[in-house]
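Here's the structure, in structure tokens; my notes come after.
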Amino acid sequence: MTPTAGPHTGPHSGAHTGPHAGPHSGTHAGPYTGPYAGTSRLNAVRRAAELEVLGDDARIDLLVIGGGVTGAGVALDAASRGLRTVLVEARDLAFGTSRWSSKLVHGGLRYLASGRIKVARESAVERGVLMTRTAPHLIRALPQLVPLLPDLLRPGQAALIRTGFHAGDALRLTAGTPGALLPRVRRIDADRTRRLVPGVRTDGLRGALVAHDGQLVDDARLVVALARTAAQYGASVLTRVRAERVTGTSARLVDTLTGRELAVRAGAVVNATGVWAGEVDTSIRLRPSRGTHLLVDAKALGNPTAALTVPVPGSTSRFVFALPQQLGRVAIGLTDEDAPGPIPDEPQPTEAERSFLLDTVNAALSTALTRADVLGAYAGLRPLIDTGDGSTADISREHAVLESPSGVITVVGGKLTTYRRMAEDAVDTAVRLRGLPARACWTARLPLVGAPGHRDSRPLPAGVPEGGAAGRVPASLLARHGGAAHEVLAAGELAAGELAPIAEGLDVTRAEIAYAVSHEGALDVADVLDRRTRIGLVAEDAERARKAVEEIVADAR
């Protein structure tokens, strides 16, 4: 979407000016009390109403810039503490890095292997929080399988990997995540290995080492759940709104759909724009790292139910993964490459990265994948703090909360798994520096929309059976929406065909498309295809579904 007013140098841009104006005045703006207070529904009507309520020269407690996983997490943390919170995102929720991950909620095994104990433990703790309390409906335990092939592992490498897996299991125990949720490390025989990953190479196969980690059904769906829960606790979540002239206590907001401008005064401003953080706060120095994934048909690997984990030659802590995904795909990733220069809206994989991923994973497959097997590809940029020299693979994944000379509070670094802790630290910093009247953080026990224990989550309506047969609720719908499935059905009104796939071979229902517009803040077809359903990850899929999606979006507005 092209902005209709004001300069724009990136999806979340806005140069800050002026000194920090001092601590919070003590005038608490109070929680949102507009017409949508207490509801999680996000849509165009609510967006317009909240912009009208906000008005010009508004005063709020916290302005959050950026609608990725960190920004949505900050908005939820602040709103649930009773702060009047506004989140603005120049594009759409999960427009940036938050939709380009491996979809793993991991326990930090790689960081443990490189001696980063603090980061590894934090990852394990936050994984446990997500899987047991805040979003268990969006995450499943995924077996990660390292095949024991004679020419795949160097002498002693299997023992090293086994030691690392057991160290990761110790992290799980210290984090309090039960073994029933994430089973302990084990070795399996060759037959069991082939059942989990039928496409694995069998010559010389002596079984496999298996550990378990968490896997999201979709990373963008986690962001939407966070934003909706934040809205339910009183946050205004405003997409297609750009922040300009940002200081530690104010910003000019531009509605890119209408060109309308609003002045906002805030007790604190949090910059959570990820790789674009330096455009909001010029004191920030980042060194983005590109992570690339390739998408292939799951049938090409025999429809695996475990992640095939292949050591990168010459490394003791890096692997290439073939990860089963929704919509019948497998994602092969990932890389860790320097990505200097201007930040693109949608980073593109390089030819060298494509070759690296295929060459590495093919070492463990019975039938090699070729470029013709690649249905799609995506790349994301990690917002790593610039520490000087060295490879980006060696830069710490710890997050940082920094205050700029203008007073803007920037949260940067980290990773998807630890978003909640990053948000807590950012809000704690804002409360401490600005004297905001906030309660203590309690997001570690706050269920998101669709999770068990969330006040709007409930079983399906009586007489609506689960399952995949015709006329029944597809299991894929339940996996994506959990306890909010009843709302999806209500949005589609169970009309004829509402539970039918949007296109042949795609298990996204027509009801889910309508729900994306009426409840999940999707404003156009791209929001639906690229971020609410992920159909757009494969261009051919998107084209097959586009006409039907266009019709439903038009009707649902």
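Label the stretch 309-354 by shape, choosing from rounded, prolate and oblate, from the square roots a ≥ b ≥ c of the eigenvalues of the Cα gyration tensor; if a/c is under 1.5 it is rounded, and otherwise prolate applies when a/b is larger than b/c, oblate when it is not. It is oblate, given that a/c is not under 1.5 and a/b is not larger than b/c.
Note on R252/R439: beta-carbon distance plugged into 1/(1 + (r/R0)^6) with R0 of 35 Å gives a FRET efficiency of 0.70. I'd like to know which of V200, A300, V125 lies farthest towards the positive end of the charge dipole of the chain, counting +1 on Cβ of Lys and Arg and -1 on Cβ of Asp and Glu. Checked the options; the winner is V125. Which one of H486, A339, T249 is farthest out on the positive end of the charge dipole of the chain, using unit charges on Cβ (Lys, Arg +1; Asp, Glu -1) and the Cα centre as origin? About the Cα centre, the residue reaching furthest to the positive side is H486.
Ignoring ligands, DNA and RNA, what percent of the 1.4 Å accessible area of the chain is carbon and sulfur?
Answer for the chain: carbon and sulfur cover 53 percent of the accessible area.
As a calculated quantity, the FRET efficiency between A263 and Q157 at R0 = 60 Å, using C-beta atoms, amounts to about 0.50.
Relative to the longest principal axis of the Cα atoms of the chain, the long axis of helix 157-175 makes an angle of roughly 40 degrees. Remark: the chain carries a charge dipole of roughly 1640 debye about the Cα centre, counting +1 on each Lys and Arg Cβ and -1 on each Asp and Glu Cβ.
As a rough guide to protection, the peptides 282-288, 233-239, 328-334 ranked by mean Cβ packing within 10 Å, highest first, stand as 233-239, 328-334, 282-288.
Relative to the longest principal axis of the C-alpha atoms of the chain, give the angle of the C-alpha long axis of helix 44-54, reported between 0 and 90° and rounded to the nearest 10°. Roughly 40 degrees, rounded to the nearest 10.
In Å², what does the accessible area per residue of the stretch 126-176 work out to with a 1.4 Å probe? Can you show the working numbers first?
On the way: 1970 Å² over 51 residues.
That works out to 39 Å² per residue.
Each peptide among 163-174, 119-130 gets the average number of other Cβ atoms lying within 10 Å of its residues, and from highest to lowest they stand as 119-130, 163-174. Normalised by the number of residues in the chain, the average gap of Cα pairs under 8 Å and 6 or more apart makes the relative contact order 22 percent.
For the chain, the spread of Cα positions along the three principal axes, ordered from largest to smallest, is 71, 59, 42 Å. Cα centroid distance between the stretch 284-300 and the stretch 351-373, in Å? So the separation of the two Cα centres works out to 15 Å.
The values are calculated or read from the model by the stated rules, or taken from the named source; none is laboratory data. This one's a predicted model, so the numbers in the text were calculated from it and none came from an experiment. Positions of Cβ are backbone-derived with ideal geometry, glycine not excepted, and every protein chain shown enters the neighbour counts. Accessible surface areas use protein heavy atoms only, side chains included; no ligands, DNA or RNA. Shrake-Rupley method; radii C 1.70, N 1.55, O 1.52, S 1.80 Å.
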